[in-house]
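As structure tokens, the structure follows; a few thoughts come after it.
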Amino acid sequence: EQEEQEQEQEQKQQLRQQLYQQLQQLEQQLQQLRQPQQLQQQQQNELEQERQQEREQEPVQLQQEQQQQQHAREENADANSSQEGFEETVETEQERRGTEERELLQQQQQQQQQKQ
């Protein structure tokens, strides 16, 4: 009777191993079948990630462009105001010279009149 039990045990053990091996083979086959699908899914995920990054970077790029434009406008304004300042200085200098010349002329005229 003990022998029978041992034989039964052994058969069960063998059956278990066979089942386990079959299960492993099935899992491998399933894995192989899934691979193309997984690959496709992976590619889709990568594409989605790229699109997401582009969407996230768009506002940053826009902001950078706006900052550059703002910077350019400010530089332009600075250049304009220094140009205006320069022009004002030139005008002031011209006025001063004009006034000096008029004064000189007046002095000369007065001197000539005094001589006469």
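The values are calculated or read from the model by the stated rules, or taken from the named source; none is laboratory data. Values in this document were obtained by computation on a predicted structure and should not be read as measured data. Methodologically, a virtual Cβ is constructed for each residue, glycine included, from the backbone with ideal geometry; neighbour enumeration extends over all protein chains shown.
Counting only residues that are surrounded by 10 or more Cβ atoms within 10 Å (Cβ to Cβ) and either basic (Lys, Arg) or touching a Gly at 6+ places or on another chain (Cβ under 9 Å) (or both), how many does segment 1-55 have?
4
Run down 62, 19 and say which single residue is assigned to a helix (DSSP H, G or I), of a type in the set (A, V, I, L, M, F, W, C) and modelled with pLDDT under 90.
Working: 19 fails: modelled with pLDDT under 90.
Going through 62, 19 in turn, the sole match is 62.
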